[in-house]
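All remarks here apply to the structure that follows.
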Amino acid sequence: MKRRRFTPEFKRSIIEQLLSETANPVELCRRFNVSSGLLFTWKKHYAQGKLDSDPSREVELEARVRDLERMLGKLTLENEFLKKALRNSLKQSEKKGSSLPTTAASYAALKGGVN
């Protein structure tokens, strides 16, 4: 028996009919001769964006956002670590009576003003 193949456009049109409530699942299954399990699998795929003409674009963007958020968190932690290290270094140099002049930038860093 030959296996039928359905195009993404066909699947999308059936699911859009289902979601718009112009027809109930039983009517759609009978009209297009598909099983209810297949219909609900297509519905799940539709919700996940797998039946879009360019589904990879949305998935790609979501992955990019996750990567950028991860990178932002890492850089924020790194920035905080470097601020603390600079503050500690400046405090130690003040205690030792460093002969280096205190600049406005180093003083601001000591007070937590360096970005």
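The values are calculated or read from the model by the stated rules, or taken from the named source; none is laboratory data. Treat the numbers as computed from the prediction; the structure is a model and nothing was measured. Counting neighbours? That spans all protein chains shown, and the Cβs are built from the backbone with ideal geometry, glycine included.
A few points about this structure:
- Going through (1) without any contact (Cβ under 8 Å) to a residue 40 or more places away in the chain; (2) surrounded by 11 or more Cβ atoms within 10 Å (Cβ to Cβ) one by one, Ser20 falls short only on (2).
- Residue match in the range 58-67 (condition: under 22 Å from the mean Cα position of the chain (by Cα), under 30 Å from Arg3 (Cα atoms) and surrounded by 11 or more Cβ atoms within 10 Å (Cβ to Cβ)): yes
- Check on Lys50, surrounded by 11 or more Cβ atoms within 10 Å (Cβ to Cβ) and assigned to a loop (DSSP other than H, G, I, E, B): yes
- For the range 30-64, a tally of residues being at pLDDT below 80 and more than 12 Å from Ile14 (Cα to Cα) returns 10.
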